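To start, the structure itself, in structure tokens.
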Amino acid sequence: MRTLKLAFASFLAINALPAQTLVTAGDNNLSLARVLRFHPEGMLLCLPSAQGQSLAQAIESALDQEPAVALQLSSQELGLGLKVGAELQRLNGWSSEKPHWALVGPDKRVHAEGSEPPTPRLIFEAYRQSPLRTRAEGLRDFLKINLDHTDALARLVLETRSLAERRTERLLGPKPPTPVPESSLSKEGTGEPKDGPNNSIQEGSTANIAQPPTVLPALALLPEEQDAKIWDDYAALYGRFITEGHWLDLAPDGSGPVSLAGQLSDSAEHSPRLIALAQKLLPIIEDHLRNRPSDEARWQIWTSLRSATGEVRPSAVLQGLRPLPGAQRWPPAAALNAFVEEAQRTGNWHEAEPILQTSYDQNLEFLHALEAASREDASQRWIATHGGVSNASNTKVEMGNYFGFGGWNGEIALLVEAKLRLGKLAEADRIFQEVYARVPKNATAEGASTLARTCGAIGLAEKWGRLAR
Amino acid sequence: MVFSVPSPCSLNLRIISFRRLALGFALSMPFTLCGQTAVMRAHMDRNAGESTTSPATLSVLDAKGTSTLSDGFFSLLQAEELRPYQVPMRSYAMGSGTGKDLISKNHLLPKAQWLLIDKRSSTPLAQGEGIPDAQTFIAHLKKAGFRDLVKELRAYLKEFPDSLEAHEQLLNQLRQRGERAAQRYMGIQVETNRERLDRGDFAGYLRAETAREKTDLSKARPLDAVQDLEAWAAFAQELETIFQSGEWREIDFPWVRGGRALDTASPTLRSLYRRWQPAVEAALQRDPAFESFWDLWIWMSQVQGGKPLAPLLASLKPTPFTTEQWPPARVVQALFSVASTQDDWHTLENLYQAQWDDDPHPLREPAPKNATISGALQGSGQEIRAALLDQDWTACLAPLLESCIRSGDTNQADALFIQALDASRWMALPAKAAELAKRCGQPAVAARWSVSRPTDSR
């Protein structure tokens, strides 16, 4: 399970993904060459008929099925009224009476086309008869000559991972939502209203707090034959990526294909060979993690392997280490997600709670530093424009809410959840009140109330819920 | 009155490299953030390595028209006993606005004095009027929480010799000490970007973030062999160890992005970089898009007075079947600081020309029919268009024109300039281009460009 931070990192790294499709809707300056420029492997383009019949959905569905799925191709529908659509129409001499599709190479050469929905087999065979090479094939060709090329290997790992995940999903169905989402904001309450509606809060008691589900639904494991067929290729490449040390070229900000490729597939838990691989690789990752425990990217990779094996606690990794001289916190902030995921997995929040608390305290301190800095800036601006000494030091500072700053966000929700799960209701209430005083919004109160209900703290749920108008 | 803080960072977004995020915001909202230097400093402090953040700042208020007190403190901080403590110092002139503000905020009498101000609480921890002796001042520092981190990190490494983080922090501490000592011997002061912000020089901060600047060492005293070793031996030795062990590939060198570029004056460092640059080039062969390797390679090249770009670029094999620009845009931008020969400039011209030809550019797009050509901004649509044109100028056309001129291809520069002016009808362009030509030592081109108008409005 990933927290918001990881999700955001993935979002940032999206440009490192192997293919990119330009949004053509409404852009009348876009040329066909530019659309195809991002697809050296070729792509399926389609045009609707003048009556609005479209093949887009049929093509997308065909591309998701065997054997076409192996090609990992993208498809895109171009608007008839747009320059780029007209260009494709002209290129093929298509009439507007019927919808059309075409397999087009990066040089605008059309390798197959039709006006009926293509079958997955037809797409696959047309592609195989063309001189086009898939991204994975292109990368493999390149790696035969450039054996040690980290970037290319990372991208090939991502390509094979994506294909294997699609195949697994087709076989087992889409991944169910994780049992305890990070902020638990959308979950229905599971506990009984045992602490009563009178808002009485008792510190330290966990008796009246519903524990999170500790028994996770049984995971479907792929049978050996399917496992080998789907995951062998990825397992070999991933194993090589880790054991040869390619994964260590991690960008300081954790972005880029190497960081993404370093994380074992989310679907690994369904693959016996990936679980075995994770068990084998985990000690290598842990050695490197211990040498650099403040590296969030290394923790992400460790977490991805640990999720597959279900073994080892983050505190065990840090055992025997000491914080660096000058470090302001221990365990390092980078390990926060790992501890939170451990807590969500096991239902035991004892280790995560102090780390979340430190994080909250430091964030609060930073918030105050920003307020002071803002006053200083205001004062300087005052001096620059009015001269003399400013009166800004007594001025109220509005911190803004660009990213829910200081508001009810994932990390604060997690801290409150930790407090609730551990029965520290008064502390949970205090934190909520601090945040609500800063951001007195309905969504804040509603989110907190839902969380409290989920954790079985019904009294608090009702108290906080009453603040939502 | 309520002040709004444009907050580029949230509690959930610490994962993002502040440098990129803050810069992105700063560039997209320059008018808003220009008055936000303290806010930027707060972000920088938060994102600085924990052990590189000082617990307090020394604020020195000089009497009007003198710098006696800050000069005295500058010397004191360079004293052998004080070198282990990296004390950040900010000087204020008594009559200045910031000086008055310091006095008012701390309820001081208007006279020359110093204060050691706690970073967290912003309250003075110690203060005085004259320069204290080293031991007294060290006592104040220790009380404020300053530590000899080099000593502590060395002890830590005895216990955990494989700790990359300890090596990294030790290297950074030694780097800071080296920079201070080198500045003292060379008789110059080179500002870091953080210090630019301390001075309120937001424009300088942005300039340094977007384009790597060369440090002007022409007025510096040369380092003699003893001074060179005195300043840099410890840092060089640690760096050498890290290169020998191969750990350098996993280590972040923040000083190649934000350090004081003093290494050119050090024979020790020049020789070390010459020895190890091939290792960095070999790593680039494996991972040519990895920006950390490029940062280090560019730093090493800059120190050695440049290195031919074309052979290295020709030897690297970018990954096929990707959509990303090759070489990465930030790398191409940074290569500007190491281009030294006509060949280098020609290489850069080709890279920028490819960018200019391949990607869509507001400066090449025909101006909308109702676009004003007077240069005056009218309405938000005009403001946005002007901002986009300016961004395109800074990111692509300006470096392309500069590399054309410096590689001797003035005709191509002329053609590109006219193409952009005719298409965009952006009336700020002639002045900007003329200034660039003048900077590149082409006054005739500058004169021609400065009076140019779009072809159909002549």
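The values are calculated or read from the model by the stated rules, or taken from the named source; none is laboratory data. Given the structure is predicted, the values throughout are model-derived calculations rather than measurements. When we count neighbours, we look across all protein chains shown, and the Cβ atoms used for this are built from the backbone with ideal geometry, even at glycine. Ligands, DNA and RNA are excluded from the accessible area calculation, which covers all protein heavy atoms including side chains. Shrake-Rupley method; radii C 1.70, N 1.55, O 1.52, S 1.80 Å.
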(request) Could you please state, rounded to a whole Å, how far the C-alpha centre of the range A:302-320 is from the C-alpha centre of the range B:400-428? (result) 57
(request) List the residues whose amide H sits under 5 Å from the amide H of B:Gln127, counting only those 5 or more places along or on another chain, with H placed 1.01 Å from N in the peptide plane. (result) B:Leu116
(message) Given contacts defined as C-alpha pairs under 8 Å and at least six residues apart, what's the relative contact order of the range B:343-457, whole-number percent?
(response) 30
(request) Give the long-range amide H neighbours of A:Lys424: residues separated by 5 or more places, or on another chain, with amide H under 5 Å away, using H modelled in the peptide plane at 1.01 Å from N. (result) A:Gly204
(request) Using per-residue counts of other Cβ atoms within 10 Å, averaged over each peptide, order A:156-164, A:245-253 from highest down. (result) A:156-164, A:245-253
(request) With 32 Å as the limit, write out which pairs from A:Lys419/B:Lys158; A:Lys419/B:Lys105; A:Lys419/A:Lys441; B:Lys100/B:Lys143 have Cα-Cα distances beyond it, or answer none. (result) A:Lys419/B:Lys158; A:Lys419/B:Lys105
(request) For the range B:55-145, calculate the relative contact order in percent as a whole number, restricting contacts to Cα pairs under 8 Å that are 6 or more residues apart. (result) 37
(message) Counting only other chains, and only Cβ atoms inside 10 Å, what mean value do you get across the residues of B:244-254?
(response) 2
(message) Taking 8 Å as the Cα distance limit and 6 or more residues as the minimum spacing, I'd like the relative contact order of the range B:173-328 as a percentage.
(response) 23
(request) Describe numerically, in nm with one decimal, the distance between label points set 7 Å from Cα along Cα→Cβ at B:Arg274 and at A:Ile284. (result) 3.9
(request) Could you list which residues have their amide H under 5 Å from that of B:Met427, counting only those 5 or more apart in sequence or on another chain, with H placed in the peptide plane? (result) B:Gly375
(message) Given axes a ≥ b ≥ c from the Cα gyration tensor, I'd like to know whether the range A:32-186 is rounded (a/c under 1.5), prolate (a/b larger than b/c) or oblate.
(response) oblate
(request) Would you please give the FRET efficiency between B:Asp456 and A:Glu87, computed as 1/(1 + (r/R0)^6) with r the Cβ-Cβ distance and R0 = 25 Å, to the nearest 0.05? (result) 0.30
(message) Given a 1.4 Å probe and heavy atoms of the protein chains only, how would you sort A:His350, B:His346, largest accessible area at the top?
(response) A:His350, B:His346
(message) Output wanted: per-residue J couplings in Hz (rounded whole) for the range B:75-89, from phi through Karplus 6.51 cos²θ - 1.76 cosθ + 1.60, θ = phi - 60°, x for Gly and Pro.
(response) 5, 4, 5, 8, 4, 3, 5, 8, 4, x, 9, 8, 9, x, 10
(request) Could you tell me whether the range B:173-328 comes out rounded, prolate or oblate from its Cα gyration tensor? Rule is a ≥ b ≥ c as square roots of the eigenvalues, rounded for a/c under 1.5, then prolate if a/b exceeds b/c, otherwise oblate. (result) oblate
(request) Name the shape class, rounded, prolate or oblate, that the alpha-carbon gyration tensor gives for the range A:278-340, where a ≥ b ≥ c are the square roots of its eigenvalues, rounded holds for a/c under 1.5, and otherwise prolate holds if a/b is larger than b/c and oblate otherwise. (result) prolate
(message) I'd like the accessible area for B:Thr136: 1.4 Å probe, protein heavy atoms, all chains in place, Å² to the nearest 10.
(response) 60
(request) Could you work out how far apart the two model spin labels at B:Thr394 and B:Arg120 are, taking each label as a point 7 Å from the Cα in the direction of the beta carbon, and quote it in nm? (result) 3.7
(request) With a point put 7 Å past each Cα toward its Cβ, work out how far B:Ala112 is from A:Ala33 in nm, to one decimal. (result) 6.9
(request) Could you pull out the trypsin sites (Lys or Arg not before Pro) across the range A:234-291 that fall in loop regions by DSSP (anything but H, G, I, E, B) with no more than 10 other Cβ atoms inside 10 Å? (result) none
(request) Work out the FRET efficiency for B:Glu159 and A:Trp330 from their Cβ-Cβ distance, taking R0 = 22 Å, and round it to the nearest 0.05. (result) 0.90
(request) Return the residues of the range B:165-196 for which accessible area with all protein chains present is lower than in the chain on its own by 40 Å² or more; set the probe to 1.4 Å and exclude ligands, DNA and RNA. (result) B:Glu165
(message) Please compute the length gained on full extension between A:Lys144 and A:Ser315, using 0.36 nm multiplied by the number of residues separating them and subtracting their Cα-Cα distance.
(response) 57.4 nm
